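The structure appears below as structure tokens.
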Amino acid sequence: MNDRLIRGVFPEENIRFAACQAATLCNVAVSSHQADWVSGWLLSEALTCATLLSIDLTDGERLTLRWEYPGPLGSILADVDENAGVRGFTQRLRLMPEVATLAEAISGQGRIGVISSYPNREGRKGMTQAIFRDVARDLAHFLSLSFQVETALVVGLIMPPEERIVLKAAVGLLLQPLPGCDPEYFDQVRQGVERADFREWLEASPHRPEEVVENLPVEGAPSYLDESTPSYHCHCTHAKVEAVLRMLEPEELLDMLTKDGEAQVTCHFCAKNYAFSRPDLKNLLRQSQSGHA
Ligand SMILES: [Zn+2]
């Protein structure tokens, strides 16, 4: 099933929605990070949420989402751009057999922070408590409280616990009231999609985003606005990694040169490896020395 993100409204109820299928991009993330089942599940939930949030991004805006939990998982980072290019990683990629369940990996209340940035300026940012111990619900709570946009957010994954992890579905749903929406009605809809049986339905078989929208506890008919193709997209380049190395103190670069004679830098987001040879490092050291002189 191809990854898709659709957007629309229920015009009678004044509710907007986004729904996505993001299994392919989640599979890219899980396999490139070699995440195990527990870490891969939580990362996929975060990436599916991030995919949904791309619908509001314009002018090169990018959102960075960070969940921090007290359990062995630690934190999850995900970011998304206006073209639904998403990427992310979890602090710990291998949690089994140390933890047996997702709840153990999260293990308690944490916090969630979101930062939006534009090419040349900062956007909104905020932080709230993550009280639900659930990646999607904690993010919905953040959006309602910190960005003041009432939000319902649900993710359903189909991810058999096999040796080689392959997601068969990663479905996400976002609902927000528009002006004129009855708050009580929205609350009723939200409670409907947050119920265990809705999540069970989501995870019973791979659903197309339209099927999810049509199965919502909303009376009126949906009106579809547009559609895009989300993907796993990392912005790292050799030049960007080199720019980071250039900021190191001359002593640190000299240390790399004398100890290893080269440097290997791995991107946290996509696990891509960048190699810097002895002549590269010598060159960087010269630039760093003149910069720090
Ligand atoms: Zn990268």
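The values are calculated or read from the model by the stated rules, or taken from the named source; none is laboratory data. Everything numeric in this text was worked out from a predicted model, so none of it was measured. Every residue, glycine as well, gets a Cβ built from its backbone with ideal geometry; the counts of neighbours run over all protein chains shown.
List the number of the failed condition for F132; all other conditions in (1) over 26 Å from D36 (Cα atoms); (2) free of Cβ contacts under 8 Å to residues at least 12 places away in the same chain hold.
(1)
Do we find a residue being within 16 Å of the ligand (Cβ to nearest atom), within 20 Å of L167 (Cα to Cα) and β-branched (V, I, T) anywhere in the range 18-32?
Yes, the range 18-32 contains at least one residue that is within 16 Å of the ligand (Cβ to nearest atom), within 20 Å of L167 (Cα to Cα) and β-branched (V, I, T).
Restricting attention to the range 51-85, which residues are within 16 Å of the ligand (Cβ to nearest atom) and touching an Asp or Glu at 6+ places or on another chain (Cβ under 7 Å)?
R62, T64
Within the range 198-293, which helices (runs of 4 or more DSSP H) (wholly inside it) include 2 or more residues that are more than 16 Å from the ligand (Cβ to nearest atom) and either modelled with pLDDT under 90 or under 23 Å from the mean Cα position of the chain (by Cα) (or both)?
Output list reads 209-214, 250-259, 278-292.
Scan the range 250-272 and give yes if some residue there is within 26 Å of V149 (Cα to Cα), free of Cβ contacts under 8 Å to residues at least 60 places away in the same chain and either surrounded by 17 or more Cβ atoms within 10 Å (Cβ to Cβ) or assigned by TED's automatic domain parsing to the domain that holds F142 (or both), otherwise no.
No, every residue in the range 250-272 fails to be within 26 Å of V149 (Cα to Cα), free of Cβ contacts under 8 Å to residues at least 60 places away in the same chain and either surrounded by 17 or more Cβ atoms within 10 Å (Cβ to Cβ) or assigned by TED's automatic domain parsing to the domain that holds F142 (or both).
Restricting attention to the range 61-101, report how many residues are more than 27 Å from R164 (Cβ to Cβ) and surrounded by fewer than 17 Cβ atoms within 10 Å (Cβ to Cβ).
Selection size over the range 61-101: 5.
Looking for something touching a residue at least 60 places away in the same chain (Cβ under 8 Å) and surrounded by 17 or more Cβ atoms within 10 Å (Cβ to Cβ) - is there at least one such residue anywhere in the range 191-204?
No, that holds for no residue.
Please verify whether L175 is in contact with a helix residue (DSSP H, G or I) (Cβ under 7 Å, 6 or more places away or on another chain) and not assigned by TED's automatic domain parsing to the domain that holds A19, treating the condition exactly as stated.
For L175, the condition - in contact with a helix residue (DSSP H, G or I) (Cβ under 7 Å, 6 or more places away or on another chain) and not assigned by TED's automatic domain parsing to the domain that holds A19 - is not met.
Of the numbered conditions (1) of a type outside the set (D, E); (2) in contact with a strand residue (DSSP E or B) (Cβ under 9 Å, 6 or more places away or on another chain); (3) farther than 16 Å from G156 by Cβ, T58 fails exactly one; give the number of that condition.
Answer for T58: the failing condition is (2).
Any idea how many residues of the range 184-210 are over 13 Å from A152 (Cα atoms) and either out of contact with any strand residue (DSSP E or B) (no Cβ under 9 Å at 6 or more places or on another chain) or outside the structural domain of G172 (by TED's automatic domain parsing) (or both)?
Within the range 184-210, residues that are over 13 Å from A152 (Cα atoms) and either out of contact with any strand residue (DSSP E or B) (no Cβ under 9 Å at 6 or more places or on another chain) or outside the structural domain of G172 (by TED's automatic domain parsing) (or both) number 3.
Return yes when P119 is modelled with pLDDT under 95 and surrounded by fewer than 17 Cβ atoms within 10 Å (Cβ to Cβ) and no when it is not.
yes
Output the number of residues of the range 143-188 satisfying the condition of being in a loop (DSSP other than H, G, I, E, B), over 21 Å from the mean Cα position of the chain (by Cα) and acidic (D, E).
Result for the range 143-188: 3.
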